[in-house]
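Below is one structure; the comments refer to it alone.
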Amino acid sequence: MSGFFFQNSPTADKPLTGRVAVVTGSTSGIGQAVAEMLAQAGADIVLNGFGDAAEIEKQRQALVNQTGVRVFYSDADMSKPADIREMIEKAHEALGRVDILVNNAGIQHVCTVENFPEEKWDQIIAINLSAGFHATKAAAKYMKQQGGGRIINIASVHGLTASPYKTAYITAKHGIIGFTKAAALDLAEHGITVNAVCPGYVRTPLVDKQIPEQAKEYGMTEDEVIAKVMLKNHAIKDFVGIEDIAASVLYLCSDAASKITGTQMVLDGGWMAGTPANKG
């Protein structure tokens, strides 16, 4: 990985100075926290996501003002491969490099399998799984030319286990874990690491939307959904913080993580420790 950290004099408090990070789905939630933390570490940032154009511009400008890095915004639709390729190409054109790719964009729909809308299935697989492939393929070209890079896929504990009413999401997240392993092997010789971060439940707009949906499916109150469904398997009875995930991504971009590839960093409050496969 020696080729990855070589330009523009990084410092202890700005270890990613000179790097360019593309973070998909970064106008809110986990992606926004990741983009902010990488910017604070000195990386130039490509934001991506939907939302009010004026609000996104305020977010972009605030990040520039707070960190002094360059921040570029792409409105690429993560369900469209051509948009994804164009986003990576324009990022390279505008900022000169592509060193870090965080595949974070995701959507959710909660429903039983027999009632699951086919269009929702297709959309979730496209955004939560296929988009990571298309972005990785486009970014790897530039990373190879530069001598290295880091790709981090925001997966989920649902890439390792399952819960009811989420067939498409769980399928996509299991898929992104497999993709992480395979891509890591393909790209290792080029100094590119590929890893996944697997959070438990995180209180984001995506999860907030699920609470009333699951309350309807389970016939529970929203408070009961939080306590009896979402945090039921968390040994630590709290949501995972978006800042915890961002810190994990930052670590995987650091020198200390140069030999970590093809694996999963699990931030689940102890969820997987209590599953049958992990009980002694």
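List of remarks:
- Taken together, A135, A76 contain a single residue that is touching a strand residue (DSSP E or B) at 6+ places or on another chain (Cβ under 9 Å), surrounded by 17 or more Cβ atoms within 10 Å (Cβ to Cβ), of a type outside the set (D, E, K, R) and not in a helix (DSSP H, G or I), which is A76.
- Contact map, region 53-77: first residue closer than 14 Å to T24 by Cα, second residue among the charged types (D, E, K, R) and modelled with pLDDT of 95 or more, Cβ cut-off under 6 Å, separation 6 or more or different chains; pairs are V71/R60; Y73/R60; A76/D83; D77/D83.
- Contact annotation: residue pairs with Cβ atoms under 7 Å, 6 or more positions apart or on different chains, pairing a residue in region 91-108 that is farther than 19 Å from F133 by Cα with a partner that is part of a strand (DSSP E or B) and charged (D, E, K, R), are L95/D44.
- Members of region 108-132 that are of a type outside the set (A, V, I, L, M, F, W, C) and either under 25 Å from I88 (Cα atoms) or not in a helix (DSSP H, G or I) (or both): Q108, H109, T112, P117, D122, Q123, N128, S130, G132
- Whichever residue in region 147-160 is out of contact with any Cys (no Cβ under 7 Å at 6 or more places or on another chain) and buried (at least 19 other Cβ atoms within 10 Å of the Cβ) and, among such residues, is farthest from S26 (Cα to Cα): G148
- Tally of residues being surrounded by 20 or more Cβ atoms within 10 Å (Cβ to Cβ), of a type in the set (G, A, S) and assigned to a loop (DSSP other than H, G, I, E, B) across region 186-240: 1
- So P164, is it in a loop (DSSP other than H, G, I, E, B) and not small (G, A, S): yes
- The number of residues in region 126-166 that are of a type in the set (V, I, T) and farther than 22 Å from K80 by Cα comes to 2.
- Subset of region 63-73 that is in a helix (DSSP H, G or I) and touching a strand residue (DSSP E or B) at 6+ places or on another chain (Cβ under 9 Å) - its residue that is nearest to A35 (Cα to Cα): L63
- Region 10-59 - residue that is in contact with a Pro (Cβ under 9 Å, 6 or more places away or on another chain) and on the phi > 0 side of the Ramachandran plot and, of those, surrounded by the fewest Cβ atoms within 10 Å (Cβ to Cβ): G18
- Any hit, region 178-192, residues being of a type in the set (S, T, N, Q), in contact with a strand residue (DSSP E or B) (Cβ under 9 Å, 6 or more places away or on another chain), within 16 Å of L129 (Cα to Cα) and free of Cβ contacts under 8 Å to residues at least 60 places away in the same chain: no
- Selection of region 14-55 for residues being part of a loop (DSSP other than H, G, I, E, B), of a type in the set (A, V, I, L, M, F, W, C) and closer than 22 Å to A131 by Cα yields only F50.
- The residue that is nearest to A196 (Cα to Cα), among those in region 241-259 that are part of a loop (DSSP other than H, G, I, E, B) and within 17 Å of the chain's Cα centre (by Cα), is C253.
- Cβ-Cβ contacts under 6 Å between residues 6 or more apart (or on different chains), taken from a first residue in region 126-151 that is closer than 11 Å to I192 by Cα and among the aliphatic types (A, V, I, L, M) to a second residue that is modelled with pLDDT of 95 or more and part of a strand (DSSP E or B), are listed as A139/L101; M143/G149; M143/I192; I151/L101; I151/V194.
The values are calculated or read from the model by the stated rules, or taken from the named source; none is laboratory data. All of these numbers come straight from a predicted model, not from anything done at the bench. Every residue, glycine among them, receives a Cβ derived from its backbone with ideal geometry; neighbour counts consider all protein chains shown.
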